[in-house]
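Working notes for the structure below.
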Amino acid sequence: MRYLNQHHKVLYSELLISGKLNDYLADLNEQAEDMFSRLVKQLAEKEGVTEAIKAENQMLWV
């Protein structure tokens, strides 16, 4: 929210006035969580991390 207010003042004002700011921020949060999940999955695949390794050798998994 602070970023929008500082760098995109018009968009921030429009969203605030229209009452859509919370919906916009919730959508951004969902997109960020999805991106994070995809990145973690990609990194796990790249590094060969599996649930089997997690169960068998937690120190290796970490």
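Projecting each Cα onto the charge dipole of the chain (Lys/Arg +1, Asp/Glu -1 at the beta carbon, about the Cα centre), which of 13, 39, 25 comes out farthest on the positive side?
Result: 13, furthest along the dipole toward the positive end.
Provide the gained length on full extension for the span residue 28 to residue 11, in nm with one decimal, where the gain is 0.36 nm per separating residue minus the Cα-Cα distance. Can you show the working numbers first?
Details: separation 17, 0.36 × 17 = 6.12 nm, distance 1.41 nm.
Value of the extension gain: 4.7 nm.
Could you name the lysines in cross-link range of residue 20, using Cα to Cα under 16 Å and dropping any fewer than eight places away on the same chain?
9
Return the lysines within reach of residue 41: Cα separation strictly under 25 angstrom, same-chain partners fewer than 8 residues apart disregarded; answer none if there are no such residues.
Partners within reach: 54.
Report the full-extension gain for the segment residue 37 to residue 56: residue separation times 0.36 nm, less the Cα-Cα distance, to one decimal in nm.
Numbers: separation 19, 0.36 × 19 = 6.84 nm, distance 2.32 nm.
This chain segment gains 4.5 nm when fully extended.
A short reminder: the numbers here are calculations on the coordinates, not readings from a lab. Keep in mind that what you see is a predicted model, and the values were worked out from it rather than measured. Neighbour counts are summed over all protein chains in view; Cβ atoms, including those assigned to glycine, are modelled from backbone coordinates with ideal geometry.
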